[in-house]
Amino acid sequence: MTAPLRERPRRFVETSTGRVVEFHEDSPIPPYAILSHRWEEGQEVSLQDMCHLSPAIEQRSGFRKIMNACKQALRDGHSYIWVDTCCIDKSIPWQVEQDINSMYAYYWNSVVCYVYLNDFMPLGVFRQADELKFGMSTWFTRGWTLQELLAPLSVRFFTADWELYGDKEKLGEIIERVTRIPQKFFDRKNIRGATLIEKMSWSIKRGTTKPEDRAYCLLGILGVTIKTEYGEGEERAFERLCDMKENHSFFISRSSDKNSILIN
């Protein structure tokens, strides 16, 4: 049995202080910004790290990323921002499961999503060259960033030095070419109209660090919840995901290059 879903997160980073704050179950959740980003091995900052800061932790690129996100949110008038690395308590398994199943809702209910592209720095000389470089960001290759693109009402893309490059609406044509997702689905109200096969196809070439997350990252997009069981393997995770879609009969199989999905 999975933990009950949440509409909004329980913890945020307070943008004026950089402290992580937690709201009680019966407390109203204020409007918030949310961060989408690529994890960097050995550089991210956990909840425990944020509670016990040290000079070494503050030197990590992950900490600077959180602080820059706070500065941007504060400039935009937002008192709180949700960052997955430090707002999920990974020492409490049921909360991790709840957050994974609720994450689509977290992004859906945000005021704005800041996408930080740490590998994108436009030269500002040739527009087409910058657009090509934008589309080559590894952010577009990751499983979890799919829902982070589709669920929020407002998505704004920032360069490696935190300069605004554009938003989902302005960059829609480029994003469509890169992701193969029709622009009409960037208006989140239209996602319900996408077929099951369309939704599954959007994630085919996206990867995740943990194999099970290739299935788990689709939970919100498919509108299902399942118990997370890390260690079960990708095939078993997809089997359980399919079992939750009672009105559909389909089989998912990975090819040798791990980039194809067969649906019958």
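The values are calculated or read from the model by the stated rules, or taken from the named source; none is laboratory data. Everything numeric in this text was worked out from a predicted model, so none of it was measured. Reconstructed Cβ throughout: ideal geometry from the backbone, glycine too, with neighbour counts over all protein chains shown. Protein only, heavy atoms only, side chains kept; ligands, DNA and RNA dropped before computing areas. Shrake-Rupley method; radii C 1.70, N 1.55, O 1.52, S 1.80 Å.
Okay, here's what the table says:
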{"item": "Set of lysines near Lys210 by C-alpha distance (under 21 Å), chain-local residues within fewer than 8 positions excluded", "result": "Lys90, Lys199, Lys227, Lys258"}
{"item": "Accessible area expressed per residue, the chain, with surrounding protein chains retained (probe 1.4 Å, Å²)", "result": "51"}
{"item": "Length-normalised contact order of the chain in % [C-alpha pairs under 8 Å, at least 6 apart]", "result": "18"}
{"item": "Sequence-distant residues sharing a close amide H with Tyr80 (under 5 Å, placed H)", "result": "Thr15, Ala33"}
{"item": "Evaluated at q = 0.09, 0.10 Å⁻¹: base-10 log I(q)/I(0), Debye formula over Cα of the chain", "result": "-0.41, -0.51"}
{"item": "Projected area, mean over directions - segment 106-258, Cα convex hull, nm²", "result": "9.8"}
{"item": "The chain, accessible surface, carbon-and-sulfur percent (1.4 angstrom probe)", "result": "52"}
{"item": "222 nm mean residue ellipticity, helices alone, for the chain (DSSP H n ≥ 4; -39,500 (n - 2.57); rounded to 500)", "result": "-9000 deg cm²/dmol"}
{"item": "Antiparallel content of DSSP bridges confined to the chain, in %, to 5", "result": "45"}
{"item": "For segment 7-53: relative contact order, % (alpha-carbon pairs under 8 angstrom, 6 or more apart)", "result": "30"}
{"item": "Restricting segment 38-96 to trypsin sites (Lys or Arg not before Pro) in coil, as DSSP defines it, with at most 13 other Cβ within 10 Å", "result": "Lys90"}
{"item": "Charge dipole (debye, nearest 20) of segment 11-192; +1 at Cβ of Lys and Arg, -1 at Cβ of Asp and Glu", "result": "560"}
{"item": "Centroid-to-centroid separation of segment 186-209 and segment 32-67 [C-alpha atoms, Å]", "result": "29"}
{"item": "Alpha carbon centroid spacing (whole Å) that separates segment 1-23 from segment 96-116", "result": "10"}
{"item": "Extreme residue, positive dipole direction of segment 11-192, given options Thr85, Thr17, Ala151 (C-beta unit charges)", "result": "Ala151"}
{"item": "Straight-distance crosslink candidates among aspartates and glutamates, where the alpha carbon sits under 15 Å from Lys65 and sequence neighbours closer than 8 are dropped", "result": "Glu14, Glu40, Glu41, Glu44, Asp49, Asp84, Asp119, Asp161, Glu163"}
{"item": "Segment Arg127-Gln95, extension gain: residue separation times 0.36 nm, minus the distance between their alpha carbons", "result": "7.1 nm"}
